[in-house]
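Each value in this text was obtained by applying a stated rule to the coordinates, not by laboratory testing. In this text, all values refer to a predicted model and were calculated from it rather than measured experimentally. Reconstructed Cβ throughout: ideal geometry from the backbone, glycine too, with neighbour counts over all protein chains shown.
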Amino acid sequence: MQSRTPTGRAWAALAAGLLGAGIAFAAGAQVKNTLVLGSTNTTSSHYLVSAAMQKAIKAGIPSANVSLIETGASVDNVRRLTRDEIDLGLIATDTAIQAIMGTGPFSGRVVDDLVALYAYDVSVLNVAVTQDSKIATLNDLSGKKINPGIRGSGAELLTRQVFGALGIEPVWAPGTVKDAVEAVQNRQIAGYSKYGPGAGVDATLRELMLGTPMRLLSFDADQQAKVQAAVKGVAFAQIPNVMQGQPPVNAPSVLIVYGTRRSLMNDATAHAIAKAIYDNRQMLIDAWPHLKDFDFRAQALAAEKIGVPLHPGAKRFWESLK
């Protein structure tokens, strides 16, 4: 009886056929035509650049209906991704790492398919207090009322974790950015914490400073070491002197990405989004001039080194750039 076992040549032909089918399937994959971006609070500078991203993605994928929604930022966006409420969202890399590892606010709720599509900024944490509060150091905040950041944001998460690592216990006064500004102006709280774009201060703080003398608080070398030992994905950056009579300060910094879940987005869509952002990056630069020196390719690839994988489709695009 003749054997029906395929020969080596037959196996090769079969494998080639399957590979060809796989390539054809990948090539025929459809880019999603409805995309919902989860951003942050509308009062944040990050919302402004998110609106530019919406336009950039639409320019790169003309057939897509791209919408932008206000959210509570990083932590909230990860949770919305798990509920399939958004397709991609703003996420600080330290928050993303905790979601992937199932730690912090994601304890027992691992999001192990969380991936980045592109990076768009390295943000610093602005811990600002009123000058008339007489608070000069982080330690002085013990027992004082402070807003930790937008509820559900990466800034709130990092602020609470930073002070926990330092053993400093402020009295937390959660709320929106608007709540924080009004409370500072009315002297109901001593200050607040929020991410600023690049190595600078947020637009909200700049406006607040027009009528309320403020002070940024700095992290000394010992405090920096304690924070970095406690929270993965955090570095430190120097904020230039932006307030009269104040020297530069050192503050926690994190890479900010727009991420999704691998199970929510196919490779074709991820590739198209990454390409749209890069090809139309001038729209982002027009919104945030400091991004003119931002290396989109290098920072996207840096996310993986920090601990946040790139979506395979997006990674293919970023690695294709010279």
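Before moving on, here are some points about what is shown:
- Summing Lys and Arg as +1 and Asp and Glu as -1 over all other residues whose Cβ lies under 13 Å from the Cβ of Thr212 gives a net charge of 0.
- Taking the C-alpha atoms of the range 264-318, convex hull volume expressed per residue in Å³: 86 Å³
- Shape category assigned to the range 124-254 from the gyration tensor of Cα positions, a/c cut at 1.5: rounded
- Relative packing of 37-45, 285-293, 247-255, which averages over residues the other C-beta atoms within 10 Å, highest first: 37-45, 247-255, 285-293
- Stretch gain in nm, segment Leu210-Arg83, where the contour uses 0.36 nm per residue and the Cα spacing is subtracted: 41.6 nm
- A crude spin-label estimate for the pair Asp279 and Leu321, with each label 7 Å from Cα along the Cβ direction, gives 1.4 nm.
- Most to least packed among 91-98, 111-118, 54-61, 137-144 [average Cβ atoms within 10 Å]: 91-98, 111-118, 54-61, 137-144
- Net charge of neighbours whose Cβ lies under 11 Å from the Cβ of Gly307, counting Lys and Arg as +1 and Asp and Glu as -1: 0
- Distance in nm between pseudo-label sites at Arg151 and Ala136 (7 Å out along the Cβ direction from Cα): 3.6 nm
- Exceeding the 20 Å Cα-Cα cut-off - candidates Lys275/Lys315; Lys232/Lys305; Lys145/Lys194; Lys232/Lys292: Lys232/Lys292
- Alpha carbon centroid spacing (whole Å) that separates the range 257-322 from the range 169-243: 28 Å
- With respect to the chain, whose longest principal axis is taken over its alpha-carbon atoms, helix 45-60 is tilted by about 20°.
- Per-residue ellipticity at 222 nm computed for the chain from its helices equals -12500 deg cm²/dmol, with DSSP H segments shorter than 4 residues left out and the rest contributing -39,500 (n - 2.57).
- Read-out Rg/Rh (Cα atoms, Kirkwood Rh), derived from the coordinates shown; its label in (1) 1.02; (2) 1.08; (3) 0.97: (2)
- Under 15 Å, Cβ to Cβ, from Phe163 - net charge with Lys/Arg +1 and Asp/Glu -1: -1
- Each peptide among 155-163, 295-303, 167-175 gets the average number of other Cβ atoms lying within 10 Å of its residues, and from highest to lowest they stand as 155-163, 295-303, 167-175.
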